[in-house]
Structure formats: structure tokens, C-alpha cells
1. Considering the stretch A:106-121 alone, what residues qualify as being modelled with pLDDT of 75 or more, within 8 Å of chain B (Cβ to nearest Cβ) and open to solvent by 60 Å² or more (accessible area, probe 1.4 Å)?
2. For the list (1) of a type in the set (A, V, I, L, M); (2) more than 9 Å from DNA strand C (Cβ to nearest atom); (3) part of a helix (DSSP H, G or I); (4) within 20 Å of A:Ser82 (Cβ to Cβ), I need the number of the one condition that B:Leu65 fails.
3. So, in the stretch A:84-112, how many residues would count as being in a strand (DSSP E or B), touching a helix residue (DSSP H, G or I) at 6+ places or on another chain (Cβ under 8 Å) and over 14 Å from B:Arg134 (Cβ atoms)?
4. Can you tell which of B:Ala47, B:Ala12, B:Ala30 is in a helix (DSSP H, G or I), near DNA strand C (Cβ under 9 Å from one of its atoms) and over 22 Å from A:Ile78 (Cα atoms)?
5. Could you list all residues from the stretch A:13-59 that are more than 18 Å from the chain's Cα centre (by Cα) and open to solvent by less than 40 Å² (accessible area, probe 1.4 Å)?
6. Can you name the number of the only condition in (1) loosely packed, with under 13 Cβ neighbours inside 10 Å; (2) at pLDDT 85 or above; (3) touching a helix residue (DSSP H, G or I) at 6+ places or on another chain (Cβ under 8 Å) that A:Glu70 fails?
7. Here are the criteria: (1) within 9 Å of DNA strand C (Cβ to nearest atom); (2) closer than 28 Å to B:Ile114 by Cα. Tell me which single one B:His95 does not satisfy.
8. Residues of the stretch A:86-95 being buried (at least 18 other Cβ atoms within 10 Å of the Cβ) and either over 23 Å from A:Ala32 (Cα atoms) or without any contact (Cβ under 8 Å) to a residue 24 or more places away in the chain (or both), which ones?
Number of protein chains: 2
Amino acid sequence: MMNTDYSRANLAEVLRGHGITPTHQRIEIAHALFSKMAHLSADQVLAIVNERHAETSKATVYNTLKLFVESGLVREVIVDPSKVFFDPNTDPHHHFYDIETGEITDIDAAKVSIAGLPDLPAGKVAAGMDVIIRVKRATA
Amino acid sequence: MMNTDYSRANLAEVLRGHGITPTHQRIEIAHALFSKMAHLSADQVLAIVNERHAETSKATVYNTLKLFVESGLVREVIVDPSKVFFDPNTDPHHHFYDIETGEITDIDAAKVSIAGLPDLPAGKVAAGMDVIIRVKRATA
DNA sequence: GATAAGAATTGGACTCTGTCTAACTCCGGC
DNA sequence: GCCGGAGTTAGACAGAGTCCAATTCTTATC
């Protein structure tokens, strides 16, 4: 788990630690994701980053989010057709998605298991697997 | 589970049984889904239905798939950003989705369980919940 | 601190999935 | 067979995401 220092200077170090050149835009995007600690869509990230002055383009937000996903800094959560969310929490966990309200709730990874996965200890869902449970009512 | 007679005449009866007026287009769409018994996207359904002569519009395919989902004839499977798949198998089950190959594999519903769902017998995932497990390698 | 070369960013056009609409056609009860 | 409502249609539209060539920034090296 990441520490909780979300200063620009610290975020720059975090990016360097993941082999990412810390540009202004990338730092702002990282700041948006980590300081909110919420599941954000690319659109929401774009809006937050440009709240005061428009300074980051759509292309950069998409490029950067893709880069962050590839380097394991955030996770992609695909719950909705036509909208991907980005989750700054990379601890092993899964997601409930309420179809009706659009709400996303975390589930402890240890609580989800699948029988018949002989190569996994106790049938637990392996790290790297992304379990998304779509429900019709809030179940959290 | 549905029977395996995929003749137009029988599909018309199946549609009527679900309260759906069996038009030519709807029968063709049902035929595409059930005779292949595969997870198809709206685009694929459109292509299959119009293989010989263009006779069904995009709007009708979308309308019909939505109608089929609402009446429980097929299920929506949301595994990929920007593409929804439709599954003619409505038996309770869940899905593995291989991010790299795009392959979708079924999992027996009984094999997936979540701890900490007190209102559900034995922590089993409830009917109506749609569990999608996104993996990086084929795990089936 | 200046320089240079590659990396990052940009805006805008573009693609793709899916929606909407208003006119037209078909289905089924009478 | 007629009629009214249900179903279908083409094409315009919307929103998320991609692409590209031109520009700007970062950083290693001096």
C-alpha cells in the first residue's frame, strides 16, 4: 500500500520509483487519483485536472492513465459498457458494481473464491485476477 | 435450459412464450444467438443476420437485443470496455474473460462464492449477480 | 547554465459503439 | 381484407477513446 503523502514532490518520487518521468501533467493526474482515492473515469480525471485552468489535454489523460495501468500504479475497473474506471487502490481486492446506481464498492479479495482452480491455494482468486460482480441492488 | 430445436418455427414459439411478437428480424437474431450458442457482440449479430442480404438494421438489432435481455432470453456480459456481449445461456453461471485473447469462458455459478454475504445461503453468489473475472492468461 | 536529442504533450480530426427520431412497414385482431 | 398499434428503418447524432504531425518539455551531458 502506498503512503499517504500526496504532495507533488512525493508523487514525483513515486512516479520515478515506477520508472515514469514525472511531468507536470502526470503529477496532476496522479494527484487527482490518489488524493480522492476514488474510482474515477478518464473524463472525471480530465475535469479535475483542468478545474482551474485548462492545462492538460484529453490525449495526455488517456496516455497517462494507460501508462499508470501498465506500471501497476492504478488498476482498470471495467464495470460499465462505455466507461472504464481507474482505481488507485492496487491492494488485492474486487468490486461490486450496482447496475442501477452506478455505485462501486470494494470487496476484500480474500472473500471471493472459486472452486475448481487446482493451481490456486484453497481456490482463492489469484492476484491479478479482477473480479467484478454486477448486481441490481446495493448489496454493500 | 432451452431445448435444442433452432428452427425458425420453434424460435417463433419460444419468443411468443416470452411475450415477444415474433417478427422476421427477431427470429433471425434469435437464430444467430442460439444456433451459435456463443457470446456475440451486437456488431457480430448484425453481421451474421445480414450475411446474405442486408435485411435488418442496426437499430433493430440493438432494440431486439435489449428486448431479449429484458425478457430474460439472453444475458448481457460486460467484459470489455466499448463492447457488450450477449450470452444465450441463461443458466446461472459466470465468466472468465481473458484480457489478452478476448476469450470468454463459462464458470459454474456454484463454484463462485463470496464470504460476508449473510443474507445469502452459504455465501454463494446470488442469482442475478453477474460475476466477471478478468484474467491475463487463459485459466479455464 | 546552455545544448541537444529523445520523450511527452497538444488539438483536432477521426473511429467505433450505441442512441434517437420521424417516416414507413408489418402483424394480428376484427 | 382493414386498421391501428407495434415494429423497422436510414441516417443523423452522441460520447468514449485513438491517432497523428507539429510543438514543447525533460534531462543527460558538457
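The values are calculated or read from the model by the stated rules, or taken from the named source; none is laboratory data. Everything quoted here is computed from the prediction, not taken from an experiment. Virtual Cβ from ideal backbone geometry, glycine too; neighbours counted across all protein chains shown. Note: accessible area is taken over every heavy atom of the protein model, side chains too, but ligands, DNA and RNA are not part of it. Shrake-Rupley method; radii C 1.70, N 1.55, O 1.52, S 1.80 Å.
1. If the condition is that a residue be modelled with pLDDT of 75 or more, within 8 Å of chain B (Cβ to nearest Cβ) and open to solvent by 60 Å² or more (accessible area, probe 1.4 Å), then A:Asp108 is the only one that fits.
2. (2)
3. Filtering the stretch A:84-112 for residues in a strand (DSSP E or B) gives A:84-87, A:93-98, A:104-108, A:112.
Then keep just the ones that are touching a helix residue (DSSP H, G or I) at 6+ places or on another chain (Cβ under 8 Å); that gives A:84, A:86, A:93-94.
Next, from what is left, pick out any that are over 14 Å from B:Arg134 (Cβ atoms): A:86.
Matching residues across the stretch A:84-112 total 1.
4. Checking each option against the conditions leaves just B:Ala12.
5. Those that are more than 18 Å from the chain's Cα centre (by Cα) and open to solvent by less than 40 Å² (accessible area, probe 1.4 Å): A:Pro22, A:Asn50, A:Thr56.
6. Tallying (1) loosely packed, with under 13 Cβ neighbours inside 10 Å; (2) at pLDDT 85 or above; (3) touching a helix residue (DSSP H, G or I) at 6+ places or on another chain (Cβ under 8 Å), A:Glu70 fails exactly one: (3).
7. Here B:His95 clears every test but (1).
8. Listed by number, the list is empty, since nothing qualifies.
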